[in-house]
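A.B. asks: This is the structure, below, for whatever I ask next.
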Ligand code: MG
């Protein structure tokens, strides 16, 4: 597989002949480019970068190259070791560091790894900064430090505990209510660092009965690590068998959260944020934000509380930018990514768990009953392969014209809102495809809407 470079980092598969993939050479070049960008853009006297990794098998190998590259530039490294993406984000600001690198390919299978880049606010770097890092990497315009000015290395394993402590201190996290409910939980952490953080968090919330599935952080993912229903069958079965109140699944770097109800049904990844937003908006006044490909149920919930909803372009960096602009009190992405700005501006499965369980405890409902309080929407996710010579921008403009009497959003591709659903057409940044996401009141309607739009596009280009 090729190495995929983008403004938010690089990712690729391990192994190969050196021409492609995430090779040691590519890792060194990219880590050096990020370090050079830090040296250029930070005003602090002695530059520091925080790093951490998920538990994937290649993590230790990648870590060594990243540390050496940064040290060679004269940058001090604080290594959190096995950690989570949100924990590294928070450590960057806690330590007043100049940036951060998370070594994780998120929900991708174990062959993959990646470097995710953070600015000094512990947030993903902007498009402008990412472009600059890519440029430095391409030109290899590095200036390594002389021997007496090499960077230092320090290990700090305390940040998962600090992260949990900050979650417990949030006024909306109701430890008393959770403890009183004596919840039984089953967790699936795909043998990554959720296996460290999630049991610690649940114990701190007063949950004593925890069944741990795949919670040894050795990187041997027992199934595809994306927390989608088809990958959570064992968890669902175990929840029923143990008569548990909730099943909890996180992805390898613990920024996505999916829940399973007590009857083994999926709470649904899209509905993690919906439920948490319902809880937060019931207690705090302010807007909710998610990306254009997320469920309409969040808008419904925001309106129920008399609050505004805004949709951003896809990508965490875009969601965060809009949340700041609209002073949102809750936001995130439909794929189980909860962003609660009172803690920090990053998707965080741990704060998601604490807020969800507070909501569940206070509601007095079973998890399946709580799920039923939200409007049912169904999504369809399809794609159109692009061949040479197709001007997709022109097609999107024509579609916009055709549907001009409906609510249109062109901030990221084309989204058209109908009374009973929506469609979002978006050109992929990494593959020659257009993603076609739709949502409606039934799966059949969502599929039909997507197929109708796809056939209209195909007839336009005569392919
Ligand atoms: Mg992730």
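A.B. asks: So how do 72-85, 148-161 stack up, highest first, on mean other-Cβ count within 10 Å?
C.D. replies: On the way: 72-85: 22.7, 148-161: 13.8.
Answer by packing, highest mean first, reads 72-85, 148-161.
A.B. asks: How far apart, in nm, are two points set 7 Å out from the Cα along the Cα-to-Cβ line at residue 265 and at residue 162?
C.D. replies: In this crude label model, residue 265 to residue 162 measures out at 4.3 nm.
A.B. asks: What is the gain in length, in nm to one decimal, between residue 362 and residue 460 on full extension, counting 0.36 nm per residue of separation less the C-alpha to C-alpha distance?
C.D. replies: Working: separation 98, 0.36 × 98 = 35.28 nm, distance 5.28 nm.
Between residue 362 and residue 460, full extension yields an extra 30.0 nm.
A.B. asks: Send over the semi-axes of the chain's equivalent ellipsoid, whole angstrom and largest first, taken as the square roots of 5 times the C-alpha gyration tensor eigenvalues. If you can, show how the numbers build up before the last one.
C.D. replies: Numbers: eigenvalues 228, 182, 83 Å².
With the √(5λ) rule applied to the chain, the semi-axes are 34, 30, 20 Å.
A.B. asks: Just how far, in whole angstrom, is the stretch 357-435 from the stretch 296-343 if you go by their alpha carbon centroids?
C.D. replies: Going from one Cα centre to the other spans 15 Å.
A.B. asks: Per-residue counts of other Cβ atoms within 10 Å, averaged by peptide: what ranking do you get for 31-38, 404-411, 42-49, highest first? Intermediate values should be presented prior to the final figure.
C.D. replies: Values: 31-38: 25.8, 404-411: 12.0, 42-49: 15.8.
Peptide ranking by packing, descending: 31-38, 42-49, 404-411.
A.B. asks: Hey, another quick one. Relative to the present Cα-Cα distance, how much length would full extension add between residue 223 and residue 237 at 0.36 nm per residue of separation?
C.D. replies: 3.6 nm
A.B. asks: Also, quick follow-up: Treat the count of other C-beta atoms within 10 Å as a stand-in for reagent exposure and order 226, 431 from fewest to most. The partial results should precede the final answer.
C.D. replies: Numbers: 226 21, 431 12.
Sorted ascending by nearby Cβ count, the order is 431, 226.
A.B. asks: While we're here: How many angstrom lie between the C-alpha centres of the stretch 149-228 and the stretch 1-63?
C.D. replies: Each part reduced to its Cα centre gives a spacing of 26 Å.
A.B. asks: Can you pull the one-decimal nm distance between simple spin-label points at residue 128 and residue 60, each 7 Å off the Cα toward Cβ?
C.D. replies: Reported label-point gap for residue 128 and residue 60 is 4.2 nm.
A.B. asks: Please state the relative contact order of the stretch 65-204 as a whole percent: Cα pairs under 8 Å, 6+ residues apart? Present the calculation step by step, with values, prior to reporting the outcome.
C.D. replies: Values: 138 pairs, mean separation 43.7, N = 140.
Once normalised by length, the contact order is 31 percent.
A.B. asks: Extension gain residue 443-residue 154, at 0.36 nm per residue separation less the Cα-Cα distance, in nm? Write out the running numbers ahead of the final one.
C.D. replies: Numbers: separation 289, 0.36 × 289 = 104.04 nm, distance 5.14 nm.
Taking residue 443 through residue 154 to full extension adds about 98.9 nm, to one decimal.
A.B. asks: Put one equal scatterer on each alpha carbon of the stretch 378-462, apply the Debye formula with no solvent term, and list log10 I(q)/I(0) at q = 0.14, 0.16, 0.20 1/Å to two decimals.
C.D. replies: Taking Cα atoms of the stretch 378-462 as identical point scatterers yields -0.43, -0.57, -0.90.
A.B. asks: Same structure, new question: With a 10 Å radius around each residue's Cβ, average the other Cβ atoms per peptide and rank 303-314, 136-147, highest first.
C.D. replies: Working: 303-314: 17.7, 136-147: 12.6.
Going from most to least packed, we get 303-314, 136-147.
Read-outs throughout are calculated quantities, based only on the coordinates presented, and are distinct from any laboratory measurement. These figures come from a predicted structure and were not determined experimentally. Note that we place each Cβ from the backbone using ideal geometry, even for glycine, and neighbour counts take in every protein chain shown.
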